[in-house]
Amino acid sequence: MGGLGLLLPADREHDPELEPCSPPKGVQRLRGAVQHYEWGSRGDASLVARLAGETEGRPCAELWMGTHPSAPSSLASDDDAAVSLREWLARNPTALLGRAVTARWDGDLPFLFKVLSVAKPLSIQAHPDRELARALHALRPTTYRDANHKPEMAVAVTEFRALCGFVSVQELKDVLRTVPEVRMLVGKEDIAKLMTAKEHDGGIGVRSYLQSAFTKLMGTSKEAVAEAISKLKSRLNAENKIRTFTEKEQLVLSLEQQYPGDVGILSAFFFNYVKLSPGEALYIGANEPHAYLSGECVECMATSDNVIRAGLTPKYKDVQTLCSMLTYKQMFPEILQGVLVQPYVIRYTPPFDEFEVDRYLLPQGESVTMLAVPGPSIFLIMTGEGEIQADGMPDEGVAKEGDVFFVPARTEVKLHASGPGCLQLYRAGVNSRFFC
């Protein structure tokens, strides 16, 4: 079939990474693992359920594609149904992952690929850097299950809403002026420092003031939080007769209905309210606060499941750790639109070595080729039908909604949309800049 070539920066003539070091293994179909967290969507409303073929009506929150031991993928072939992807990669990591990836990440897949269907807000949370991850794993291995950091990126499939990072100094001042319920919990001393802070102070002083105020809020007693939330509801209900709620106020009232009495309701005033349209992406580094609120996305991250929570959750809350680890940067997060790397292919490149994500939208009858690259990839067919052709394919290569493929390093892949409609798929791979 006639395809279009995608030449990455790493695809250089005589690149030793592209020279075979052992007989290559073929493309493998995978079975992902579904996580049934309570915040997930159910039935046909859940993209995760549709992709995984789940029909039991349980909440289907996340589809995992990778090697993390909490929910590892397995080979989908009948002969290897009991073989996990991690076990299979361990048989010949250099051939399957490439030399550079094997050396850097100790023979493991460096990224975890997911689909999320969010019906109810996730917790106020952050993910540790490597140093903190190692310390937490050693201290509480049943809670923090690995020693890796967890930078991540979400690419919106539907409209996707999130809280992410702290609001600007000016917006925080507006909160302290207009939300007396937050003011009463933060206290006069911290308010005075924050109200005199300036955007161009260099950030050091402002960050210490913000950390003090946020820590005080998050450490407030349940009784005081409940009283403040009750006053907030009463005030807003009265003011609604004479004015329209702001988007943040509407959000806070919605959070109160889902997590009554939770301090995360009030902490939402401190965070940026982000709305992604389909095709937009958001990346989150270590030690940055965030909470996904609603919508569906493709997510990619370093291979880790470390989450420190402090609100909007019935799960274990580690408030002290979260408040001490945050960067307290005050800026709106960068929204990635993606870069067209060839017709029908948009790439999202975060500032992390472990991963990048490509989004393919192939009209019926069109084809595209991903040339051999030095690292592994995972492909997920989101919608539509087509064919995938590569050396060592174990079958005829039919690709349909919900299919997942592992593509070894140095393997060229040809994709063809046979219709009807567009073939939409996503590829996760090691960040191309890692190989430059």
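The values are calculated or read from the model by the stated rules, or taken from the named source; none is laboratory data. Bear in mind that the values here come from a model prediction, so they are computed numbers and not experimental data. Note: ideal-geometry Cβ built from the backbone for every residue, glycine included; neighbour counts use all protein chains shown. Please note that ligands, DNA and RNA were not included when accessible areas were found on the heavy atoms of the full protein model with its side chains. Shrake-Rupley method; radii C 1.70, N 1.55, O 1.52, S 1.80 Å.
³J(HN,Hα) across the stretch 142-147 via Karplus (A = 6.51, B = -1.76, C = 1.60, θ = phi - 60°), whole Hz, x for Gly/Pro?
Karplus values, whole Hz, x for Gly and Pro: 6, 8, 10, 8, 8, 10.
At a Cα cut-off below 16 Å, give the lysines reachable from Lys241, other chains included and same-chain residues fewer than 8 away excluded.
Filter leaves Lys233.
Across the stretch 214-230, in residue order, what do the Karplus-derived ³J(HN,Hα) couplings come to in whole Hz, using 6.51 cos²θ - 1.76 cosθ + 1.60 with θ = phi - 60° and x for Gly and Pro?
Ordered by residue, 3J(HN,Hα) equals 5, 4, 5, 4, 5, x, 5, 4, 4, 5, 5, 5, 4, 5, 5, 5, 4 Hz.
Carbon and sulfur atoms: what percent of the 1.4 Å accessible area of the chain do they account for? Intermediate results must be reported in sequence, preceding the final value.
Values: 9110 of 18000 Å².
Exposed carbon and sulfur together represent 51 percent of the surface.
Express the accessible area of the chain per residue in Å², computed with a 1.4 Å probe while the remaining protein chains stay in the model. Please report the intermediate quantities before stating the final value.
Values: 18000 Å² over 436 residues.
Per-residue accessible area for the chain comes out at 41 Å².
Give Lys114/Lys248; Lys275/Lys400; Lys222/Lys317; Lys150/Lys317 a once-over and call out the pairs whose C-alpha atoms are over 20 Å from each other. Numbers along the way, then the final one.
Numbers: Lys114/Lys248 28 Å; Lys275/Lys400 30 Å; Lys222/Lys317 13 Å; Lys150/Lys317 18 Å.
In this structure, Lys114/Lys248; Lys275/Lys400 lie more than 20 Å apart at Cα.
Rounded, prolate or oblate: pick one for the stretch 150-234, where a ≥ b ≥ c are the square roots of the eigenvalues of its C-alpha gyration tensor, a/c under 1.5 means rounded, and failing that, prolate if a/b is larger than b/c, else oblate.
Working: a/c = 1.88, a/b = 1.16, b/c = 1.62.
Oblate shape, in that a/c is at least 1.5 and b/c is the bigger or equal ratio.
Largest first, what is the accessible-area ranking of Lys222, Lys414 with a 1.4 Å probe?
If we order Lys222, Lys414 from most to least accessible, we get Lys222, Lys414.
Quick one: what are the phi-derived ³J(HN,Hα) couplings along the stretch 161-166, Karplus 6.51/-1.76/1.60 with θ = phi - 60°, whole Hz, x for glycine and proline?
After applying 6.51 cos²θ - 1.76 cosθ + 1.60, I find 10, 7, 9, 7, x, 7 Hz.
Taking Cα centroids, how far is the stretch 293-318 from the stretch 362-436 in Å?
Spelled out, the Cα-based centre of one part sits 28 Å from the other.
Pull out a ≥ b ≥ c, the square roots of the eigenvalues of the alpha-carbon gyration tensor of the stretch 162-336, then state rounded if a/c is under 1.5, prolate if not and a/b is larger than b/c, and oblate in the remaining case. Write out the running numbers ahead of the final one.
Working: a/c = 1.36, a/b = 1.17, b/c = 1.17.
Taking the square roots of the gyration eigenvalues as a ≥ b ≥ c, the stretch 162-336 is rounded.
Mind computing the radius of gyration and Dmax over the alpha-carbon atoms of the stretch 339-435? Å is fine for both.
12.7, 37
Quote the FRET efficiency, to the nearest 0.05, computed for Ser70 versus Thr244 with a Förster distance R0 of 30 Å and r equal to the Cβ-Cβ distance. Don't skip to the end; give the middle numbers.
Numbers: r = 44 Å, r/R0 = 1.46.
Calculated transfer efficiency: 0.10.
Find how much the distance from Ala135 to Lys275 grows on full extension, using 0.36 nm per residue of separation minus their present alpha carbon separation; answer in nm with one decimal.
Numbers: separation 140, 0.36 × 140 = 50.40 nm, distance 3.40 nm.
Extending this stretch completely gives an extra 47.0 nm.
Full extension from Gln320 to Glu227: what is 0.36 nm times the residue separation minus their Cα-Cα distance, to one decimal in nm?
Working: separation 93, 0.36 × 93 = 33.48 nm, distance 2.22 nm.
Answer, rounded to one decimal: 31.3 nm.
Please list the non-local residues whose amide H lies under 5 Å from the amide H of Ala399, H modeled 1.01 Å from N, same-chain partners needing a gap of 5 or more.
When sequence neighbours closer than 5 places are left aside, the close amide H contacts are Gly386, Glu387, Ile388.
For Asp391, which sequence-distant residues (separation of 5 or more, or a different chain) have an amide H within less than 5 Å of its own amide H, given hydrogens modelled in the peptide plane?
Those lying under 5 Å, H to H, from Asp391 are Glu412.
Determine the percent antiparallel among the DSSP beta bridges restricted to the chain, to the nearest 5. Working shown, then result.
Working: 83 of 86 bridges.
Counting only bridges with both partners in the chain, antiparallel ones make up about 95 percent.
Of the listed values [x] 68, 42, 39; [y] 67, 58, 36; [z] 75, 58, 36, identify the label whose number matches Cα extents along the principal axes in Å calculated from this model.
Working out Cα extents along the principal axes in Å from the coordinates points to [x].
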